[in-house]
Structures are given as C-alpha cells and as structure tokens.
C-alpha cells in the first residue's frame, strides 16, 4: 500500500512541456489551474467531490527519486537540465477546493492549483486520476444510499475492479453513505468497518449444507450470516435456524427474485421464531434494484459491480485547465485570464473563479453561482472553496467520518428532486457572474 | 509501485471461511476452483484474457506480514489459530489457465486453481480483481485495434481512472494491440513505449501560439507533435510549419469534427510542403469513432476515457467457483464434482474442465469445446490451458510482447465476423461434452 512516490502517475507530456517552458523562460510564470466538469454524466442530478484527501497525499508524495530519474534519463524523456529541476521538486504552491463530500455541478471549480506553471502542470494527471475515479464512485454510492434510506449498504465490489481502485472505491462509497466494506485493504488503510458473510464454495466444500452451517456457527457463533441459496432456500433456512437457533444473526440471499424470496424467507424465519434474524440481499444490485426492494423485508444490501463501476458512469469528465497566468516570470507580474477558444467546442471561461451556493428563504439551495472578480456581498458567507494546501503544506486533512457527514448534509441541503433516481437535469442551475474588481 | 503484499486485497469472508473450515477439519480438502464467465458483455463477440502475468505476481506476493496480522488481530477478524496459519501462508498448489492474450467465450475455464481449500479460497478476490479489470480493458483495446487497422493507437487514459488501475490499463491496452502509452508509470513498470504531445495549457502559458510552438520546437526539435486547436486551426497549422519547417513531426487535433478537420489539415500541410507531417487525433474516441475515421487522413489515434472504462463494459463478470473437492482431507481422497444448484439462476457445471478450440478444414476456429472427463483424441492437440504455477512456483512468466503477439494471432484465428463492431452473439459457440474417464 505504500506507494513510494506518485510522480510517475503522470502523462509524459507534462514533463516535456516543463522542459520546453524551462528553456523558453516561461516555466516560472505564476499560473492558476482549475479542475471542473463541463457537464454531469447523462441524467445525473448532482456530482459528489471525492478523492480530495487522496489528492493531498499524492501532492505530498510527488517527488522524483533516483529510480525514477534514472528511468527518465535512460528513456531520454527529458534533458539533463529538466532532470536536475525534477530532482529538487516539491510542490510549494497553494491548493483550494470544494471540501471533500460536497456536491458539485457543471462548471463548479472543485479544485484550484496555484503556483509556477512548472510546479502545477506536473500535478495534472494524478489529480485528475484520483478525482475522476473517486468522484464517480461516490456519486453512485450517494444515489444508492438515497435509495436505501436507513438500511445499511455493504460495499462488496473488490473483485470487480482493479485491486487498488477497489480500496479507493471503498473509501468513496463510505463517503457516499455506505456503512461498511468487505475489502480488508480498505479497513487497513482507511479504517472503514469491514464485514463478511460466506460464499457458496464454503457450503460446497462440506458433505452437506447442514455440515457447512454447523462448521460456520461453531467457529463464528450464532451471530454469523449464513448463505442460504446454494441448493433449496426453504430447506436451507430451516437448517440454518435448527443449527444456529433463533438467535441466528442473518441469512444472505444472492440469487433469484429477491423481492419474492425475501418475503418468503422473512415469513419462514418468523414462523421459526427467528424474528430478529436479519436478511441481507446481494446479486448485481444498483440504485434502482435497491429502490425496488424498499417495501421488501430486507435489512441490508451488499453492492458490488454497480458500485465500483459508478453505476453506468465509471469516470467523471473533470479537466484541469489553465485559467490564468502571469504576464512574465516576475513575482509581481499581473495575471492574465486565458482560455481555449477554438470553434470545435471544449471552450472554457478564463480567470480565477469563486463559487457560492445561493439558498432560498427556507435554506434550500437554488443555484450554483460561479464568478470571476469580486464576490457579491450577499454571497460572501456562501462560498464553497476552502484552503487545502498553503505554500506546499497540507492544511486540511480530516477524518473520513467528517467527510461522510458533510456529504449527507450537502445532499440534504439540495432540493428534494436531487434524490430522484430518474434521469433529469442537474438539480441546481449554474449561474456565471462577473463583477469587476473594485466595483 | 512496490506493493509489499497482496494479501489484504481480499474480502473478509475468505478469512472467516478459512477459520470455520480449519475448525471443522475441512480446510485441507483438496479443491479445484475455476474462473469463468457465464456470458460476455452484451453484444461482444469474444473476450480477451488479460492480467494473467499480474495474477502470478499477486500469488507470489500473497503473504501475511506482521502489520497485516496485527490489523487482523486488532479488528478480531479471525481467531489466533487462524492467524498462526496465515503467518505461514505460501501458496503451494497449482494454477492452470488460458495463456494471457488468448480469447475466451462463455464458460471458458480461463484459470484453474488447485490445492487445499484453505490455500485456494484466499486467492479468490485478488485473482478476480485483476482478471476482471484487465480483461475488460484488453477487450476494448482489441476492438479498437481491429478498427484502427495498421494505424497506431496511443493509450492516454490515465487521468480518467484510478492512478494504479491506469498502469494496469496501459498494460492491457498494449496486449490488445495498442502501440504506446502516455503513462510514465506504465513505461517504468512494464517497459511499454511512452509518448507525449502537448496540452492547451502550454499554448495558453505563452503570449502567442507562435511563441508556444517556437518554445516547443526549440526544446524538443522539429520532430515534436504540436497541438493546433487552441485558437484557429488553419492559422495554427500555418504557424506550426513556419516555426518547425516542413520536417514537423506531427500535429494533434483534439476537438471539432475530426473527419472534416483532418481532411482540411492534411490538404493544408501538403500545400505547405509538410507532406510527411503526421496527423494525430484525440477527443473521446472509441472503436466506432476510430472506424468512422478509416477513410480520413489520420496517422495515429490517441484514446483515453473509452479505453480505460472498457468502452461501456468496465468489468467482466468472471467468477471463481469451487467445481470439485476431495471427500476428505487425506492426500488420496477421491474428488467429488460440486456445483450450486438453487433454482434462482447462477448455476454452474461441476467437475474439473478441459477446453479446446475446434477448427474447421481451413484452420478457422469453429467452436469452444469444454468438457469434463477424458479429452477426445481429435482435440488433444487443440487444448487451451497451460500450466502457470506448479507446486507454488511460477512456471510461465513471459514478456509482454509475446502476449501481445499471441492475442493478435488468436484473434486472427477466429471467424472474420469476430471483428465486426456491431452487437452480436459470441463468434464461437460453446459446446459442453462429457466423456467418462476410461471410456
């Protein structure tokens, strides 16, 4: 888990641009890069900022050790002058951003990185990797947790995604409202509560299903979760309660018509006196399947594939764009707003942005206001961005539970239609304003 | 990049099942687990096995060091007897599988893990993580490389996926037919050729586009690739050739109607005498967009988002199922085929499988034949699985270029319709046969 440096998680052109800018004398121009999306994934009502804490770790660990420098030299990726510059690299600039767990909308400046062009351009790839992945998972998790209401969600997707993406996915899922994970690495790295049930292989290993249940209960106690759909569910539930007694913790159902089976199993458990035995369902659940089980006697959902693949949207479209840079390399050189302007689309708005969420009289959010220049006084205390790194030092590390609570609060502050699962427009409109400085 | 151990990339239930089986005396029963999919992603004609090499690394590095054991003890995940057992864990069994790069179909036993239940069950999560992720990316890459024909494909997706998933994605893309990657970590770790162009930020950093081009050419030489769509493409192409001369390496177009713009830029470059200057296109390409540019004067494609997200299918549905286990723990105990049998679906076929690809008289594949029991003599030399690990020792490590060539050959051996991009059925039917042993 200890990645020694994050500096190689970088596209080659960041380094060749650095080399060219060093030679041209433009590398030290003060620069402002912003991370934002032009749109939400089709039909989504809001986005969820996740990965910020991992970005802070990545910025801190972004340095070029001997092994990396040797590789860059051997492959002639950049010249000796650039290698010398890289050998001393430590980010010394500032990072501002939406706090992790906050919601975002098209155009929201979810992160802003300021410093010399040279030190900021290098961070593009790894910052986008983290925010694009983690925010996609957190958005799916948030929809699922809306759909689940008060019932807990267990993250079980490790086997469906890259082994380290899985750990980040557990973290993002927790932010989005999940309660626990099956992934031990996520427990180890982020202290997320871990849980486990049992697999069909365990039943099949034993001579009979009853033998398997007895082995599990003998070792793990009656509070364990028994998997009851290897052979016949009704027989399995009967055997489970006989073996474990009516204090059996839970049964898991992993196939079939979950709505129907959950009702039958609940009735059978109640008849057997196991009124407190819980029912956990799994089996390719997504937010729609979870919602459809709202009226079923289900106590917890285990979600795998659809969580770690972002429920149809496995990445966000966040970009990292230069929006302003100094006229020259001097420390006092004035900033010039810049933006791509070709007719082919992908244009953006130049200048350093502020962002605020305007609320109505009842305190419900009604617009994401994004501006350049002065912040209108009535929005001064509604600003969204906070300092994350100052002069190269991380200033905003926080526990994951704080982030998780922030997300729940941010979502609760949106109009009710935010949690509709059906496709729609972003639940807040984005408004752009420009108040000249000093006006 | 040096993950000290892969043992925590594991779902908690693998460890609790181990504990229960140790106590019940069933943990040492010889077991056969198989990895397979019940179906291909909707519409896909074939799957691509990728990640095998990474699985071998993961199996080798799967051990429980002090830090992990302490975590498991503190969280009371398993009992002391199980912790003792884990402390000495080294996989000592056998792994067979389709060689990496081979194609697969529903039911293909792409990997088989044999040993005691205890030692095999622990590997489930990490093996599936790797194969499900890497095979999904390789399948998308293979379709894109079919569509691109002889034109090279550059993998540029690092910023759209988890930073370490990106490295595995570069590797899988290379297997599927890509030529190079922008991801330095993939070059460092897997020696995949790395390339870089330039970003809009570099143009915007400079006072004029011409200044930016001059800075880039001065530093990187005329053979560089200039990005020409920051402002006006026609003016940019004119400036690019003026600055670099007709020996300019390439121009990159990242927005707009690529078909139209590529034709215009080619004509302009030719008129300016830059007949050898290549055109690289990027901008949310997938296999369909690549195919639609087949008649355009494009020399290379850069692909990001759609590659690393598996072009609509970011994971496979590979499962790891116990298909046979010994009647008892003794070394000579006979194997019993086992399979889940509930009515809810997800059933599978018990018993250790062999697999062979039957060909017609012209040598073209015509069926994926999967069987239990004896291999029919006419298929004996068409078998697909090879030994990967014997007695815990990896026996089949191979260079990535061998894997890449194998994939190209395997795809070329399929019926022509395999490379149709439109949705359809798997291009080979799966046939199951059972010849009793000794028949």
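Results for (1) surrounded by 23 or more Cβ atoms within 10 Å (Cβ to Cβ); (2) touching a strand residue (DSSP E or B) at 6+ places or on another chain (Cβ under 9 Å), shown as yes or no for each residue.
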{"position": "B:230", "(1), (2)": "yes, no"}
{"position": "B:237", "(1), (2)": "yes, yes"}
{"position": "B:243", "(1), (2)": "no, yes"}
{"position": "B:253", "(1), (2)": "yes, yes"}
{"position": "B:256", "(1), (2)": "no, no"}
{"position": "B:262", "(1), (2)": "no, yes"}
{"position": "B:268", "(1), (2)": "no, no"}
{"position": "B:276", "(1), (2)": "no, no"}
{"position": "B:281", "(1), (2)": "yes, yes"}
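Every residue in region B:165-187 that is surrounded by fewer than 24 Cβ atoms within 10 Å (Cβ to Cβ) and within 18 Å of residue A:169 (Cα to Cα), please.
Taking region B:165-187 first, the residues surrounded by fewer than 24 Cβ atoms within 10 Å (Cβ to Cβ) are B:177, B:179-180, B:187.
If the condition is that a residue be surrounded by fewer than 24 Cβ atoms within 10 Å (Cβ to Cβ) and within 18 Å of residue A:169 (Cα to Cα), then no residue fits.
Taking (1) in contact with a helix residue (DSSP H, G or I) (Cβ under 7 Å, 6 or more places away or on another chain); (2) not in a loop (DSSP other than H, G, I, E, B) in turn, residue B:96 satisfies each apart from (1).
Is it the case that residue B:107 is without any contact (Cβ under 8 Å) to a residue 24 or more places away in the chain, out of contact with any helix residue (DSSP H, G or I) (no Cβ under 9 Å at 6 or more places or on another chain) and more than 12 Å from chain A (Cβ to nearest Cβ)? Answer is no for this residue. Of the residues B:389, B:433, B:427, the single one that is more than 21 Å from residue B:142 (Cα to Cα), buried (at least 18 other Cβ atoms within 10 Å of the Cβ) and in contact (Cβ under 8 Å) with a residue 60 or more places away in the chain is B:389.
Number of residues in region B:48-67 that are in a loop (DSSP other than H, G, I, E, B) and out of contact with any strand residue (DSSP E or B) (no Cβ under 8 Å at 6 or more places or on another chain) equals 7. Working only within region B:264-283, note down all residues that are modelled with pLDDT of 95 or more and within 14 Å of chain A (Cβ to nearest Cβ). Result: B:264, B:265, B:280, B:281, B:282.
Total residues in region B:403-424 satisfying the condition of being under 21 Å from the mean Cα position of the chain (by Cα) and free of Cβ contacts under 8 Å to residues at least 24 places away in the same chain: the figure is 2.
Checking residue B:311 against (1) assigned to a loop (DSSP other than H, G, I, E, B); (2) more than 9 Å from chain A (Cβ to nearest Cβ); (3) crowded, with 21+ Cβ neighbours inside 10 Å, which test does it fail? Going through the list (1) assigned to a loop (DSSP other than H, G, I, E, B); (2) more than 9 Å from chain A (Cβ to nearest Cβ); (3) crowded, with 21+ Cβ neighbours inside 10 Å, residue B:311 breaks only (1).
Here residue B:9 fulfils each of the conditions (1) facing chain A (nearest Cβ under 9 Å); (2) in a helix (DSSP H, G or I) apart from (2).
Only one of (1) touching a residue at least 60 places away in the same chain (Cβ under 8 Å); (2) under 20 Å from residue B:16 (Cα atoms) is not met by residue A:187, so which one is it? All conditions are met except number (1). If you check residue B:290 against the conditions, is it buried (at least 18 other Cβ atoms within 10 Å of the Cβ), away from every other protein chain (no Cβ under 14 Å) and within 30 Å of residue B:237 (Cβ to Cβ)? For residue B:290, the condition - buried (at least 18 other Cβ atoms within 10 Å of the Cβ), away from every other protein chain (no Cβ under 14 Å) and within 30 Å of residue B:237 (Cβ to Cβ) - is met. Only residues that are more than 7 Å from chain A (Cβ to nearest Cβ) and assigned to a loop (DSSP other than H, G, I, E, B) were counted in region B:12-38, giving 5.
I'm trying to understand the selection: among the residues of region A:284-305, which are assigned to a helix (DSSP H, G or I) and either at pLDDT below 95 or under 14 Å from residue A:162 (Cα atoms) (or both)? A:305, the sole residue that qualifies. Within region B:342-355, if we keep just the residues that are at pLDDT 85 or above and in a loop (DSSP other than H, G, I, E, B), the residue that is surrounded by the most Cβ atoms within 10 Å (Cβ to Cβ) turns out to be B:350. The residue of region A:75-84 that is surrounded by the fewest Cβ atoms within 10 Å (Cβ to Cβ), among those that are more than 10 Å from chain B (Cβ to nearest Cβ) and outside any loop (DSSP other than H, G, I, E, B), is A:80. Which condition breaks for residue A:219 when tested against (1) buried (at least 18 other Cβ atoms within 10 Å of the Cβ); (2) touching a strand residue (DSSP E or B) at 6+ places or on another chain (Cβ under 8 Å)? Residue A:219 satisfies every listed condition except (2). Here is the figure for region A:370-386: residues that are over 25 Å from residue A:53 (Cα atoms) and either exposed (fewer than 13 other Cβ atoms within 10 Å of the Cβ) or touching a helix residue (DSSP H, G or I) at 6+ places or on another chain (Cβ under 6 Å) (or both) total 3.
One line per residue, one yes/no per condition, for (1) surrounded by 24 or more Cβ atoms within 10 Å (Cβ to Cβ); (2) within 9 Å of chain A (Cβ to nearest Cβ):
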residue	(1), (2)
B:86	no, no
B:93	no, no
B:100	yes, no
B:114	no, no
B:134	yes, yes
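The values are calculated or read from the model by the stated rules, or taken from the named source; none is laboratory data. None of the values given here were measured: they were computed from a predicted structure. Counting neighbours? That spans all protein chains shown, and the Cβs are built from the backbone with ideal geometry, glycine included.
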